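Nothing in this text is a laboratory measurement; each read-out follows from the coordinates by a stated rule. In this text the structure is predicted, and so the values were computed from the model without any measurement. Cβ atoms come from the backbone with ideal geometry, glycine included; neighbour counts cover every protein chain shown.
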Amino acid sequence: MELTWYGHSCVRISERNMATVVCDPFDTDSVGFSSLKLKADIVTISHDSPGHNHLEGVKGEPFIIKGPGEYEIGGVFITGATDKRRKNASNEEDKPRNTIYVIEYNGINIAHMGNIDVVPSQNDIESLGPINIALIPVGGKSSVNAAKAVEIVSLLDPQIVIPIHYGMDQSKIELDSVEKFSKEMGVTSTPPIDVLKLNGSKDLPQETQVIILTPKS
């Protein structure tokens, strides 16, 4: 399995002879980073905003998932769960609903937390099932900040944490840096890698490990 980050909250997950999934494709005019030129069999949208729903950035005729439900496509199992604890807005109808997706590839469960902005309850976390890899926003503003992201990590207890949705030179949105999250986690920042590659669950670490990815241009 290969997991590639393209910036903001957009990732591509692929495995030989299985469907390819792209999560939260973005509009580069809105958030920055390089324009997306992706192909996928499945696209998941966590919520309806330009930084997360730019379907024009994905070629082909992918199956689009925009909310809760259970899906099985091309050997990939996907469960979408509504984020029930969104912060109150002055007008709730103006606040897009967030969907958390759990994507299973050959027994490895990947949770894409979307634009989660409140630490979930223990019951909500348990309803997701065991999580091996967690993609968690850490940059604050519209999503959880570094401290709350660490709380979510503690609840999920994944083997691998991949921070997303944080500030970089390529960003047009002002967000906190990933270093703030690393400090909150109490880990020393390690050099970023281009792609996370796993040859099955045997490659998962025994203890929680933070992996920083370089956004693919």
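Assorted remarks:
- Over the chain, volume per residue of the alpha carbon convex hull, in Å³: 116
- Values of log10 I(q)/I(0) for the stretch 95-217 across q = 0.19, 0.21 Å⁻¹ run -1.10, -1.34, by the Debye formula with one identical scatterer at each alpha carbon and no solvent.
- Only Lys, Arg (+1) and Asp, Glu (-1) charged, at Cβ; the stretch 2-210 dipole about Cα centre in debye: 140
- Look at the dipole of the stretch 2-210 built from charges on Cβ: of 53, 146, 65, the Cα furthest out on the positive end belongs to 146.
- The stretch 1-76: trypsin sites (Lys or Arg not before Pro) in DSSP coil with no more than 12 other Cβ atoms inside 10 Å: 16, 37
- Sites matching GluC sites (Glu not before Pro) across the stretch 131-217 that sit in DSSP coil, with at most 10 neighbouring C-beta atoms within 10 Å: 174, 207
- With the charge dipole of the chain set up from +1 on Lys and Arg Cβ and -1 on Asp and Glu Cβ about the Cα centre, the Cα lying farthest toward the positive end among the listed residues 196, 44, 127 is that of 196.
- Computed over the chain, the per-residue total of -39500 (n - 2.57) for DSSP H runs of n ≥ 4 gives a 222 nm mean residue ellipticity of -3500 deg cm²/dmol, rounded to 500.
- Short-range pairs are left out: with C-alpha atoms under 8 Å and at least six residues apart, the relative contact order of the chain is 19 percent.
- Counting beta carbons within 10 Å around each of 141, 172 and listing the fewest first gives the order 172, 141.
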